[in-house]
Structures are given as structure tokens and as C-alpha cells.
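These notes are about the structure you will find just below.
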Amino acid sequence: MAQLRIALAQTNPVVGDITGNAEMLVEWTRRAAERNAHLVAFPEMFLTGYPPEDLVLRSSFVEASTSALTAAAERLAAEGLGDLPVIVGYLDRAGLTPRVGQPKGAPLDAAALLHRGRVISKSAKHHLPNYGVFDEHRYFVRGDRLPIFRLHGIDVAVAICEDLWQDGGPVSVVGEVGAGLLVVLNGSPYEMNKDDVRLELCARRAREAGCTIAYVNLVGGQDELVFDGDSLIVSPTGELIARAAQFTEELLVADLDLPEGTGEPGEVRVDARDGTVITVERFTISAEPVAPYEPEPARIAERLDDLAEVYQALVLGTRDYVTKNGFRSVILGLSGGIDSALTATIAVDALGPSRVHAVLMPSRYSSEHSIIDAEELVRRQGINAVTVPITGIMEAFEKEISLHGLAAENLQARIRGMILMSLSNEHGHLVLTTGNKSELATGYSTLYGDSAGGFAPIKDVLKTMVWRLAEWRNAQPPGPPPIPENSITKEPSAELRPGQRDTDSLPPYHVLDPLLRDYVERDMGRDELIAAGHDPELVTRVIRMVDRAEYKRRQYPPGPKITPKNFGRDRRLPLTNRWRERLA
């Protein structure tokens, strides 16, 4: 057996900031060198940020990526870091002859090995995911090479993200030809309970390949996606060796005992057991094992509980959207209800109270307790707040135009939206909308009213989860609970007419949310929903509400994805659409 100290750079690059990401590469490689690492690995598409979407179809963007890769290798050597091998994800091109159906320029989701000032190996993702939030057949062509390099006597293979999730391909080939370590670069976005699935997957693939797997993942928010890190290392028997924290940058360093390599240098074509052939490229960096040394204790970070995990995803997604887009502050309407209270709390935890601005906009229908609850939250959290009563503005509208029923209710929401957007324009705040997934699903929102804004922190959070998150957050130390208890316990109401309650328009949330989860996230049809135990009349009613509101959701701001299927990248339905589930 031979020893190897590996460093996994669980980092937060910014899409399109190739120069800044290259700087980060040098800085984190330096940190790995200071820890006496023998190898450092960065996540998938690190140099460009991930996912870059249609930017990969621009030749200028691909050229910037490949140029930055070469420059980074040279700079690492110039700064005395060249002897430390670096594996990093970047964007390349395959150089194929253009043909119909092939992405423009034949881009590659690629990985490179940098050493002593040069790019000494390149490969690309073999399996291209095309489900959920992924559109990689649109963007990339498949890689067909597997590098295996000998480092300090140990054979190290490299694969990328989806190559681990699918049968066959690089994992199968590694199992066939042998390697002591498989390093997998990942851009694996968060969703609830995925950390459990991820660990089981890595353990299973390690057993299949008969080698240790080092899994390095991105961390940070990118539009709707949140990457949770959770980088880890598992042994050939599937035992967890080391694990990084969730939702934070970290250099995970681990000392591994690995078998010495026996493969001969050169190239060989191997059946990948997925209908393709992969060319294995073996070469040597250093043949001799390192002198024996005292290993450091491996770190296995404590896992967050389910609610803590979701909450941290919302905080990180909000923080990165605000900061990566250059906003100094955020603004939101504060009603005293649970949705705006939780949104404000997420914003404060993400940015600090000085960067959060709230506007209280009571109307003639606002209850006294709602105003008191909103003022109490402002006091507890120390955020900036201003009160703008809207009764006079409503009366000015009513003097000029005659509105009744729903149109009159929506006027209040649109006045509030106009006030928030005006203050945003005046002061440069990003407007946070406060709607939850239950409301978005059923269309229980006002277009150009409460839907007006730039980011929606709880867009993918069902109402019942909103309450659970608020209660969880109130129980966290230090300090007093940030959310007034009355905001959590009182019956929810939009307060757009006298005595209004949400249940006037919607089923009780504890009944509605399980049905929405089955219809929206699991794509069950009417018969399946009824067979699952949902009330037939309620199924008919809710399906109609959800289908009718598609045009509203299309115009809603982005927000962090936490479920298997969010409203956005995950779920794409035509607006002009006459298909209806059979409802009778």
C-alpha cells in the first residue's frame, strides 16, 4: 500500500467570472500546498462556473475557458505551486466536424490535469444528463477518454458527475482496468434528502469499481440552483472516510492508504458496457511512493437535520443571488403574516439586518394584530423599516375607476408592488417576493402585485413547510426567537377584504400540500391521485387551479430549488395548452 494526501476544494465559483475563478484556483491550490497535499481536485466546470447554459455555445466563451486553463497552469508553476498536481473542471471543445443536431462548436464538459506549468491531460464527461434541471444534450458532446495517471505509485482515474450516477461508462471501465483512486468532479445541485442518496451512490460505485472514490462538489447559489457541497471520500468497501460540511466552502484533506498501481503506460480501448467504447490513457507523473508519514485524522462533518438543511439552502441561495448580482441590499413588503416573516428572516440570516429593508403597507382591511406583528419582527431583528399606508392611494384609484370583487382586492396588491418597485428603483434594493409554493401552484397570488420582484426565497417551499421552518428557526440559539409567535399561530389571510381567510379560496394547507406534492412534483394524473387516497372532488378542484395558473408562474421571479421538481427549470409546460386531465 502507498500513502496519498488528497485535498478536495469545495468551492463557490461564479458563472462567467473566468478570471475570478482562476484566481480562486490559485488561492485554494496554495491552501492545499500549505497542508502538504499530494493532489488537489476542484469541482465540475469550476473555471467557468456551473451551469453556464447557452454561454457554452459562444466560441468566445470557450476560448476564454481554454486560455484561462493554460494560463492557470503557467501561473501555478510561476508561484511555486507547479509540483502539486491539480484536477479542475473547465469548458473545452471537441473539434468535431459540424453536423445537424450537434451543439454549436461541439463543447465539452471537461476535466484537466495541471502539473509543472502544463496541461498534461484532458478528458470530458461521458454521460450527459438530460432530465430535471439538466439539458446537457443541448450543450455538450460526449467524452470518450478516461485518464489514469500514476501519482506517487498510485493509479488515479478521473470522471465527472453524471458518470457516477449512470451504469456503465467510466466507473465500469475503472472496475475493468483497475485504479486505486477515482476522483469525481461534481456540480450536483441540492434537493431535500439528496445527501443520503449521494453517500449511498458513492459507496455502491466504489464497491463496483473496487477503488476509493473522492467526490468533490460545488457549493453556492446559481440562479434557482443551490449547490450544497457535501464532498466526501469512500473506501472500496463503501465505508465513509471523510466528509465536508454542507453549504460552506471547505478544503477537505484526507490521508489515504491505496494500492500501488500495476497498469502499463499507453492507451487501450475498453467496452464501457453502455453501448460505447472508452479509450483508457495511462501515464506516469511519479512512480515511487512517498516516504511513510503520520496521517492526519480524517474529518467527517456532522450532518444537518432536514429542516436545518432546507433553511441553509434558502439562506445560501438568497445570499449568492444578491451578492453575485451586485445588489447591496434587499427590500420586501412586511405584512405580519408567516410568509413575509420567514422571508425577512432568511434575508437577515443571509445578508445581515443592515442590508434588509421592510415596508409596512397597511390598508383599511389590515388587522391591528398584523401591524403589531410586523412592527415586532422589525424590532426583534433590527432591520430597516418604513410604514407607507395605502388607504389613501386606494381611494385615489377608486375615485377614478370602478373596481369590484377580485379586481378591487388585486388593486391593493398591485399598489404594494408598485411601491416596492419604486423604492427599488430609487435606492437600488432588490425586491424579494414572499409567495410560497402552495400559493404559486394554485394561482393564489396577484400578477404585478405580490409577484412583483427580483427573487423569491420561499418559492419552492410549501405552506406547511413554511410553518415548520419558522418554528425551527425560532428554536435556534442564540438570542430570542426572530419571528413573533402570533405570525406563526394565527390563521393565514391575505387581508384584502373584511374577514378574509385563505380557506375561503383554498383547501386547508395540510390537505392541499400533499396533493400538490403528488400532482406537481410526482406528475400524477387524476386517476393516480385518487388511487393515492386524495378526495376526488378536491383532486378535480386543485388540478383546475394549478393548470389555470401556469401563465402566472411563468412570470414569477426565480427562487432557490429545494424539492425534486420546482416551478422553473424543472417543470416546463406550454402556456397555450388545451390538454386537461380527465376530471369526471
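The values are calculated or read from the model by the stated rules, or taken from the named source; none is laboratory data. Bear in mind that the values here come from a model prediction, so they are computed numbers and not experimental data. Please note: Cβ atoms are built from the backbone with ideal geometry, for glycine as well, and neighbour counts cover all protein chains shown. Side chains are part of the model used for accessible areas, which takes the heavy atoms of the whole protein and leaves out ligands, DNA and RNA. Shrake-Rupley method; radii C 1.70, N 1.55, O 1.52, S 1.80 Å.
Quick look at the values:
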| quantity | calculated |
| --- | --- |
| Some residue of the range 106-115 being surrounded by fewer than 19 Cβ atoms within 10 Å (Cβ to Cβ) and out of contact with any strand residue (DSSP E or B) (no Cβ under 9 Å at 6 or more places or on another chain) | no |
| Any chance His429 is of a type outside the set (A, V, I, L, M) and crowded, with 19+ Cβ neighbours inside 10 Å | yes |
| Leading residue by the ranking (farthest from Tyr444 (Cα to Cα)) among those in the range 506-521 that are in contact (Cβ under 8 Å) with a residue 24 or more places away in the chain and out of contact with any helix residue (DSSP H, G or I) (no Cβ under 8 Å at 6 or more places or on another chain) | Glu521 |
| Single residue of Ser335, Ser340, Ser354 found to be surrounded by fewer than 17 Cβ atoms within 10 Å (Cβ to Cβ), over 22 Å from the mean Cα position of the chain (by Cα) and hydroxyl-bearing (Ser, Thr, Tyr) | Ser354 |
| Lone qualifier among Cys211, Cys202 - being out of contact with any Pro (no Cβ under 7 Å at 6 or more places or on another chain) and either of a type in the set (Gly, Ala, Ser) or closer than 17 Å to Ala254 by Cβ (or both) | Cys202 |
| Qualifying positions in the range 101-122 - at positive phi and of a type in the set (Lys, Arg) | Arg116 |
| Hey, Val177 within 24 Å of Asp305 (Cβ to Cβ), out of contact with any Pro (no Cβ under 9 Å at 6 or more places or on another chain) and open to solvent by 30 Å² or more (accessible area, probe 1.4 Å) or not | no |
| Pairs, first at positive phi and assigned to a loop (DSSP other than H, G, I, E, B) in the range 334-363, second surrounded by 24 or more Cβ atoms within 10 Å (Cβ to Cβ) and not small (Gly, Ala, Ser), C-beta under 6 Å, six or more apart | Gly336/Asp373 |
| Residue match in the range 37-46 (condition: surrounded by fewer than 24 Cβ atoms within 10 Å (Cβ to Cβ), in contact with a strand residue (DSSP E or B) (Cβ under 8 Å, 6 or more places away or on another chain) and outside any loop (DSSP other than H, G, I, E, B)) | no |
| Subset of the range 79-98 that is part of a loop (DSSP other than H, G, I, E, B) and closer than 21 Å to Pro129 by Cα - its residue that is farthest from the chain's Cα centre (by Cα) | Leu96 |
| Scan of the range 233-269 for residues that are within 30 Å of Asn325 (Cα to Cα) and in a strand (DSSP E or B), ordered by number | Gln246, Glu250, Leu251, Leu252 |
| Selection count, the range 231-276, where residues are touching a Ser or Thr at 6+ places or on another chain (Cβ under 8 Å) and charged (D, E, K, R) | 7 |
| Subset of the range 270-299 [within 33 Å of the chain's Cα centre (by Cα) and assigned to a loop (DSSP other than H, G, I, E, B)] | Ala272, Arg273, Asp274, Gly275, Thr276, Glu296, Pro297, Ala298, Arg299 |
| Qualifying positions in the range 375-402 - over 21 Å from Tyr311 (Cα atoms), open to solvent by less than 50 Å² (accessible area, probe 1.4 Å) and of a type in the set (A, V, I, L, M) | Val388, Ile390, Met394 |
| Count of residues meeting criterion [under 25 Å from Val156 (Cα atoms) and open to solvent by 20 Å² or more (accessible area, probe 1.4 Å)] in the range 23-36 | 8 |
| Residue satisfying all of: in the range 460-475; in contact (Cβ under 8 Å) with a residue 40 or more places away in the chain and open to solvent by 10 Å² or more (accessible area, probe 1.4 Å); farthest from His510 (Cα to Cα) among these | Arg473 |
| Positions within the range 367-424 being closer than 19 Å to Thr446 by Cβ, aliphatic (A, V, I, L, M) and in a loop (DSSP other than H, G, I, E, B), in sequence order | Val388, Ile390, Ile401, Leu403 |
| Criterion: at pLDDT below 95, surrounded by fewer than 20 Cβ atoms within 10 Å (Cβ to Cβ) and among the hydroxyl-bearing types (Ser, Thr, Tyr) - qualifying residue of Thr19, Thr70, Thr97 | Thr97 |
| Residues of the range 532-550 satisfying the condition of being outside any helix (DSSP H, G or I) and within 26 Å of Arg572 (Cβ to Cβ) | Ala532, His534, Ala549 |
| Positions within the range 405-426 being of a type in the set (Asp, Glu) and under 33 Å from the mean Cα position of the chain (by Cα), in sequence order | Glu426 |
